[in-house]
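One structure below.
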Amino acid sequence: IYDYLLFGKDNFAADRAAADKLMQSRLDPRRLALANRAFLRRAVRFVARQGISQFLDLGSGLPTSPSVHEVARDVDPGARVVYVDHDPIVVAHNDALLATRDGVITVREDVREPDAVLGDGAVRGCLDFGRPVGVLLLSVLHFISGDEDAPGIVARFRERMAPGSYLVISIGTSDGADPEMLAEATATYAGARMPFTLRSRDQILDLFDGFDL
């Protein structure tokens, strides 16, 4: 869905149908998707300029240009990136498109299981967690329900991040939104088997517990 909203070519009929239904609502999902992608570019560029040369992109989705490694390598040509997604189709596409790039890999793991991600041999082979890393959770945490403890998930990654690391989050918020519009969008995502949980600003700030914001 996200790829289609970004005018990408790696999407399927079911994705396009769900996106078209979303675009009939007042949510204006294409504007939000494009804004989120612009934020990704700004954030990765900023983090890379702070001297971070390795990135863990959690819930990365299908590759969309410019991808994290492309932005990071504009700053540091040697930057290393691990893309993580639980969807086998995403992993297959990433492997096909990115396999020739040294220091850029995709692993099939679930952000809901931080220990599995951090213990993955390919992840540990690509990234050195003894050095600072940029951990990206972009437009993914609103697909983590309240019962799944998003702050606890982030905390498990924080425990492995060396001093000087960066956490980047973009997430849907319920603050200031039209309740009817949100209900409409929530129903559409649920119909696409992608229920999402919007959080207040205070709940989002809780995700940065232990970090200097």
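Data table
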{"item": "Computed [θ] at 222 nm, deg cm²/dmol, the chain (DSSP H ≥ 4; -39,500 (n - 2.57); rounded to nearest 500)", "result": "-13000 deg cm²/dmol"}
{"item": "Helix axis angle, 29-49 relative to the chain longest principal axis, alpha carbon, degrees", "result": "20"}
{"item": "Test item: Cα-centred dipole of region 67-197, Lys/Arg +1 and Asp/Glu -1 on Cβ, debye", "result": "500"}
{"item": "Protein accessible area in the chain, 1.4 Å probe - carbon and sulfur %", "result": "51"}
{"item": "Packing-based order for 158-164, 82-88, using average beta carbon neighbours within 10 Å, highest first", "result": "82-88, 158-164"}
{"item": "Under 5 Å, built H, 5+ apart or other chain: amide partners of SER174", "result": "ARG199, SER200"}
{"item": "Structure-derived Cα Rg over 2.2 N^0.38 Å - corresponding label in (i) 0.99; (ii) 1.64; (iii) 1.33", "result": "(i)"}
{"item": "Residue-span extension gain [PHE46 to SER65] - 0.36 nm each, minus C-alpha spacing", "result": "5.1 nm"}
{"item": "5 Å binning of all Cα-Cα separations within region 75-118, expressed as whole percents from 0 upward", "result": "5, 23, 27, 21, 16, 8, 1"}
{"item": "Inter-centroid distance (Cα atoms) of region 53-103 relative to region 1-19, Å", "result": "19"}
{"item": "Acute angle (nearest 10 degrees) that the helix 150-160 long axis makes with the longest principal axis of the chain, alpha-carbon atoms", "result": "10"}
{"item": "Interchain or long-range residues, amide H under 5 Å from VAL140's placed H", "result": "SER170"}
{"item": "Degrees separating the helix 179-191 axis from the principal Cα axis of the chain, which is the longest one", "result": "70"}
{"item": "Share, in percent, of DSSP beta bridges within the chain that are antiparallel, nearest 5", "result": "0"}
{"item": "Compactness relative to 2.2 N^0.38 Å, alpha carbon Rg of region 91-213", "result": "1.20"}
{"item": "Sequence-separation-based contact order of the chain, relative, with Cα cut under 8 Å and 6+ spacing, percent", "result": "19"}
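The values are calculated or read from the model by the stated rules, or taken from the named source; none is laboratory data. Given the structure is predicted, the values throughout are model-derived calculations rather than measurements. Here Cβ is always computed from backbone atoms with ideal geometry, including for glycine, and neighbour counts include all displayed protein chains. The protein model used for the area step is the full one, side chains on, heavy atoms only, and it has no ligands, DNA or RNA in it. Shrake-Rupley method; radii C 1.70, N 1.55, O 1.52, S 1.80 Å.
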